[in-house]
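Pasting in a structure now, in C-alpha cells, and then I'll have a few things to ask.
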Amino acid sequence: MSAVLTLVVPGCCGPLPEKSAALKYLQPALHQLPLWKSLSRAHRTPAAANYHQQLAALFICSDDNHAFPHAALDLLGEGGSTEDALWLHADPVCMQADMDHAILFDAQSLQLAEHEADQLIAELNAHFSQDDISLQRGSAANWYLALNSHSDISTSTLHEVVGRNVNQFMPTGSDAQHWKRFMNESQMLLHASEVNQQREARGHLPVNSLWLWGEGRLPAPAESKTTFDRVLANNACARGLAKLNGVICETVPSDLTAFLNARDQSGHICVVLDDLFSSTSYADVAVWQEKLIALSETWLQPLLHYAAGNRITVQFYPCNGSAYCLRASDRYRLWRRGGIKDHLRLDV
C-alpha cells in the first residue's frame, strides 16, 4: 500500500443535536471504540467542518462553499454530460406541514423507484417544455436542470435542509422569485400525478416538491488540484471530483480484506466513507451510533491498525473542523488521552 492514505469520513464525529440530548443517549460501546484513542494521540490541525467544503479543499483550489458546483460535480460523477452549462439540482422531496411551516424529507425517506422518477420527470418536462426547462436524472434521487444563461440564485444544500423548516432555507438572489414560482408550479403538478396517488395508496410518502440547490459550473482544469493517484468513493460528488482531476476512481469495496489485498496499492489513495453522513441529517442519534460502531469494527479500526503496522501515514478527515494525521509512532504518545467528547461536533 502507499505510504500515505487519506480517509474522508463525514459524520464520523457528528454533527449531532444539542449537547445534553446527544450525550445522554450514547451507548457505552460507542465510548469504548479504539477510534477515539487513535484520534486523541494523532497530530490535530484545523480543517473544514463541512463535508463538501472538505472535498473542495482536497480537490479544488477554491474552498468557497457558495461557489462549490455540487450539481455539476454530482452529474459528472454519475456519468452524465455536463457540457458548458450552469447546473442545478432539482431533487425530489416530500414537504410535510407542521404548524406554521413545512418540514422536508429527502429521497432516503421516499425510497423512490427509478420507474417512478422517470414518469414524474416526463410529466414535469412535458409541462415546462415551453419554458425551455428540462429535467434529467442520474440516480432516482438525483435530478438536474441545465440553465442556458446565468441565474442569480443562492441556495442551501439538501443536507442542510433535511428535517428542518424549509422557510429558513429558500433560494435568495435577484432571480429567486422565478425559481420559487417554478417550485410552486411543480408542487401542483406533482400533487396531481398518478405516481403519487399510487404511492400514497401504498402508504408511502409522496414526491410533492423539488428542492433546488448546488448551482454552478464545473471548475476549469486550472482550478482543480489533488495529490491523489486513486480515489475510492460511492458518493457522486467525490467521484465527480476524481474525474475532474483525471484520477482513477473506483467504488468502495464492501470487504476491507479485498481492499488490502488489491494488487495496485501504490501512490496516494483517498477513500471516502460517507455512510454516516445521511444519519446526521435527520439527527437520529440511535441510527448514527449503530452505523458508527459497525463502520469502526469493519473498516476504520482494522484499517488504522494495518496502517500503523505497515508504517503508513493516515490523513483522517471526519469533517468536524479538524484533520488528524496518524502515524505509527503515535502509539507511544501515551500521555495523550481523550474520548468521544473531545472529537464530537455538536449543534448547540
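The values are calculated or read from the model by the stated rules, or taken from the named source; none is laboratory data. All values reported here derive from a predicted model rather than from experimental measurement. Please note: Cβ atoms are built from the backbone with ideal geometry, for glycine as well, and neighbour counts cover all protein chains shown.
Contact list please: Cβ distance under 9 Å, first residue in segment 167-190 and at negative phi, second residue in a helix (DSSP H, G or I) and among the small types (Gly, Ala, Ser), pairs at least six apart or on different chains.
These pairs meet every condition: 170/176.
Restricting attention to segment 113-151, report how many residues are polar (S, T, N, Q), touching a helix residue (DSSP H, G or I) at 6+ places or on another chain (Cβ under 7 Å) and over 24 Å from residue 237 (Cβ atoms).
1
The rows are residues; the columns are (1) of a type in the set (A, V, I, L, M, F, W, C); (2) modelled with pLDDT under 90.
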| site | (1), (2) |
| --- | --- |
| 151 | no, yes |
| 157 | no, no |
| 176 | yes, no |
| 182 | yes, no |
| 191 | no, no |
| 198 | no, no |
| 202 | no, no |
| 205 | yes, no |
| 209 | no, no |
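Filter segment 55-68 down to residues that are surrounded by fewer than 21 Cβ atoms within 10 Å (Cβ to Cβ) and under 17 Å from the mean Cα position of the chain (by Cα) and give me whichever is modelled with the highest pLDDT.
Taking segment 55-68 first, the residues surrounded by fewer than 21 Cβ atoms within 10 Å (Cβ to Cβ) are 57, 61-67.
From the residues that got through so far, the ones that are under 17 Å from the mean Cα position of the chain (by Cα) too are 57, 63-67.
Working: 57: 90, 63: 47, 64: 51, 65: 46, 66: 51, 67: 66.
If we take residues in segment 55-68 being surrounded by fewer than 21 Cβ atoms within 10 Å (Cβ to Cβ) and under 17 Å from the mean Cα position of the chain (by Cα), then 57 is modelled with the highest pLDDT.
May I pose another question? Take residue 120 and decide whether it is farther than 15 Å from residue 147 by Cβ, assigned to a helix (DSSP H, G or I) and not acidic (Asp, Glu).
Yes.
A quick yes/no check of all residues on (1) assigned to a helix (DSSP H, G or I); (2) within 24 Å of residue 345 (Cα to Cα); (3) more than 19 Å from the chain's Cα centre (by Cα); (4) hydroxyl-bearing (Ser, Thr, Tyr):
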position: 270; (1), (2), (3), (4): no, yes, no, no
position: 280; (1), (2), (3), (4): yes, yes, no, yes
position: 289; (1), (2), (3), (4): yes, yes, no, no
position: 300; (1), (2), (3), (4): yes, yes, no, no
position: 303; (1), (2), (3), (4): yes, yes, yes, no
position: 311; (1), (2), (3), (4): no, no, yes, no
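Would you mind stating whether residue 186 is more than 24 Å from the chain's Cα centre (by Cα) and modelled with pLDDT under 95?
Taking the combined requirement at face value, the residue does not satisfy it.
Another one. Could you list, in sequence order, the residues of segment 129-149 that are surrounded by 13 or more Cβ atoms within 10 Å (Cβ to Cβ) and either without any contact (Cβ under 8 Å) to a residue 40 or more places away in the chain or of a type in the set (Gly, Ala, Ser) (or both)?
134, 137, 138, 139, 140, 141, 146, listed by residue number.
Among 90, 71, which is surrounded by 22 or more Cβ atoms within 10 Å (Cβ to Cβ) and touching a His at 6+ places or on another chain (Cβ under 6 Å)? Don't jump to the end; show me each part of the working.
Details: 90 fails: touching a His at 6+ places or on another chain (Cβ under 6 Å).
71 is the lone residue from the list that is surrounded by 22 or more Cβ atoms within 10 Å (Cβ to Cβ) and touching a His at 6+ places or on another chain (Cβ under 6 Å).
To keep it simple, each residue is scored yes or no on (1) in contact with a Cys (Cβ under 8 Å, 6 or more places away or on another chain); (2) basic (Lys, Arg).
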site: 174; (1), (2): no, no
site: 179; (1), (2): no, no
site: 182; (1), (2): no, no
site: 186; (1), (2): no, no
site: 207; (1), (2): yes, no
site: 225; (1), (2): yes, yes
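Which of the following residues is assigned to a strand (DSSP E or B) and within 16 Å of the chain's Cα centre (by Cα): 89, 159?
Selected residue: 89, the only one of 89, 159 that is assigned to a strand (DSSP E or B) and within 16 Å of the chain's Cα centre (by Cα).
Still on this structure, I have one more. Taking only pairs six or more apart or across chains, which ones have beta-carbon atoms under 6 Å, a first residue in segment 27-56 that is in a helix (DSSP H, G or I), and a second residue that is among the hydroxyl-bearing types (Ser, Thr, Tyr)?
Within 6 Å, the pairs are 35/296; 39/324; 54/317.
For residue 168, indicate whether it is in contact with a helix residue (DSSP H, G or I) (Cβ under 6 Å, 6 or more places away or on another chain), under 28 Å from residue 14 (Cα atoms) and surrounded by fewer than 18 Cβ atoms within 10 Å (Cβ to Cβ).
no
Would you confirm, using the coordinates I've provided, whether residue 296 is modelled with pLDDT of 90 or more, assigned by TED's automatic domain parsing to the domain that holds residue 9 and among the hydroxyl-bearing types (Ser, Thr, Tyr)?
Criteria met by residue 296.
In addition: Taking into account only those residues within segment 198-216 that are touching a Leu at 6+ places or on another chain (Cβ under 9 Å) and aliphatic (A, V, I, L, M), which is farthest from residue 95 (Cα to Cα)?
Looking at the filtered set, the residue picked out is 212.
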